[in-house]
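First up is the structure itself, then whatever we jot down about it.
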Amino acid sequence: MIQHTAETLRKRQLLTRVWAIIVIAWSVVRTIIIWAALGSYGFNPWIYLSLDLVCSTFDAITTPKMVLRFIDDRHRSAIKWGVVSLVAYLVPDVYIFEGTRTLPLKVIVILCVVIVAMFSLATVTVVRKVRIGRAARLLIEQSDKVRGRA
């Protein structure tokens, strides 16, 4: 188990809180966008917003846990958090299809493209954060070895 400094733990906690604020704010913005686009198809923005806020809260908690565990090479735990995060990420999108009346094929294709694009962006972002975090961890470990703390 990797022992982190108090400074590292504080930084991780701050970044986790910032992530939570961004995810929950995006939930509100996304509801407004989807409501404007799908309101005429029976989309209920209040149900979607409620569902998305709950899921965003889970995502805001689980995604940083997943990233930090991958950084710390705790892969089994990271995968568990990743599965929860993935479900929380996808449930609101499933509601879009279930919570509307019949959507035209054109709208379904556009929604699927947007969902895949956002998922791809999220995946690339997580991979980048893990790589950056691992590089920073290795620098600290090498620095500690040079100083004789390891």
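Output the residues belonging to segment 6-52 that are under 21 Å from residue 137 (Cα atoms) and of a type in the set (D, E, K, R).
7, 10, 11, 12, 17
From the list 108, 61, exactly one residue is at pLDDT below 95, under 21 Å from residue 9 (Cα atoms) and surrounded by fewer than 19 Cβ atoms within 10 Å (Cβ to Cβ). Which is it?
Step by step, each of 108, 61 is checked, and only 61 is at pLDDT below 95, under 21 Å from residue 9 (Cα atoms) and surrounded by fewer than 19 Cβ atoms within 10 Å (Cβ to Cβ).
Given the options 77, 120, 143, 50, name the one that is surrounded by fewer than 12 Cβ atoms within 10 Å (Cβ to Cβ) and either over 23 Å from residue 24 (Cβ atoms) or more than 13 Å from the chain's Cα centre (by Cα) (or both).
143
Does residue 114 satisfy the criteria of being surrounded by 11 or more Cβ atoms within 10 Å (Cβ to Cβ) and closer than 30 Å to residue 44 by Cβ?
So residue 114 fits the description; yes.
May I ask you to list pairs of residues, at least six apart or on different chains, whose Cβ atoms are under 6 Å apart, with the first in segment 21-41 being within 10 Å of residue 100 (Cβ to Cβ) and of a type in the set (Asp, Glu) and the second being modelled with pLDDT of 90 or more and surrounded by 13 or more Cβ atoms within 10 Å (Cβ to Cβ)?
Cβ pairs passing all conditions: none.
The values are calculated or read from the model by the stated rules, or taken from the named source; none is laboratory data. Note that the coordinates shown come from a computational prediction; the quantities given were computed from them, not determined experimentally. Please note: Cβ atoms are built from the backbone with ideal geometry, for glycine as well, and neighbour counts cover all protein chains shown.
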